[in-house]
Amino acid sequence: MNLESGTQFPATDELFVNAEMQVLYKVANSTVRTFPYPHIRVENVFPAEFYQQIRQHLPPTEAYKSLSELGRIKGQYDARRVLLLTPDSVSGLKDNCREFWDNFSRWLLGGPFSRIALHKFSPYLSSRFENLASMQFDQEAMVIQDRTTYALGPHTDSPSKVLSFIFYLPADDSTPHLGTSIYLPADPTFTCAGDKHWKLPGFNRLVTMPYVPNTLFAFMKTPRSFHGVEPIKDEGIERALLLYDIKVGQP
């Protein structure tokens, strides 16, 4: 399993090294739940001090772009705004914020995290990829800001997606209902290759991964990896996330 990391290199700052060691330990020793598709949930994934640093360095609202601005989707879609953790995007941040996310992207995208992630799910990935050992993968990460009107119907993610790691970044545990939900189709034979969002009446919500501080929800993309976000009815909500994805590499 090979993964392209571009021009990123591991950070050497002690704060990030300690954070990386805890994340690797927590993810590597987590339990994979297999129903209805392989997924993990990890609490206290970052050291407490480091989590507070993430919170303190969340980018300002003006640093984010909508998915339509980035060409990720067609049409208007302003409820979700993202900051890609790429050198170009991070360079537009100011001072300490720029330095923090530059270091963060270096260890997340340039260190051993991708290998741990792939190894964690390798028993299940081998059922999707017959030549898993020789597969080429790409990776990307982004900081996300979801607003009150944001919602996602059940979907399985695009066919190119392999693994998704969703790090929850709230200030406190007062809104657990804002987490990502896992769905089961009412028709037990129903599957979806991806690239389509479905209506809730055709699905049963199995569980919502609580949107609480310093928690990770990660899963493998399959034709049955239905997940989404229930419609947010609270007013003035801003949901902070860090998303890390592994995708099928470009030939």
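Please treat every number below as a calculation from the coordinates, not as lab data. Just so we're clear, the structure is a prediction, and the values are computed from it rather than from any experiment.
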Q | Karplus-derived 3J(HN,Hα), 6.51/-1.76/1.60, for each residue of the range 51-61, Hz, glycine and proline x | A | 4, 5, 5, 4, 4, 5, 10, 4, x, x, 3
Q: Enumerate the amide H contacts of Leu206 below 5 Å, restricted to partners 5 or more residues apart or on another chain; note that Pro and chain-start residues carry no placed amide H.
A: Ile182, Tyr183, Leu184
Q: Give the shape of the range 114-171 as rounded, prolate or oblate, defined through the alpha-carbon gyration tensor: a ≥ b ≥ c are the square roots of its eigenvalues, a/c under 1.5 means rounded, and otherwise the shape is prolate if a/b is larger than b/c and oblate if not.
A: prolate
Q) Rounded to the nearest 500, what is the chain's calculated 222 nm mean residue ellipticity when only DSSP H runs of at least 4 contribute -39500 (n - 2.57) each, over all residues? A) -7000 deg cm²/dmol
Q. Listed here are the pairs Lys199/Lys247; Lys196/Lys247; Lys199/Lys233; Lys26/Lys233; Lys196/Lys233; Lys26/Lys196; which of them are more than 28 Å apart at the Cα?
A. Lys26/Lys233; Lys26/Lys196
Q: Convert each backbone phi in the range 177-187 into a coupling constant with the Karplus relation 6.51 cos²θ - 1.76 cosθ + 1.60 (shift: θ = phi - 60°), then list the ³J(HN,Hα) values in order as whole Hz, x for Gly and Pro.
A: 6, 8, x, 6, 9, 9, 10, 10, x, 4, 8
Q) Under 26 Å Cα-Cα from Lys94, which lysines qualify once same-chain neighbours fewer than 8 residues away are excluded? A) Lys65
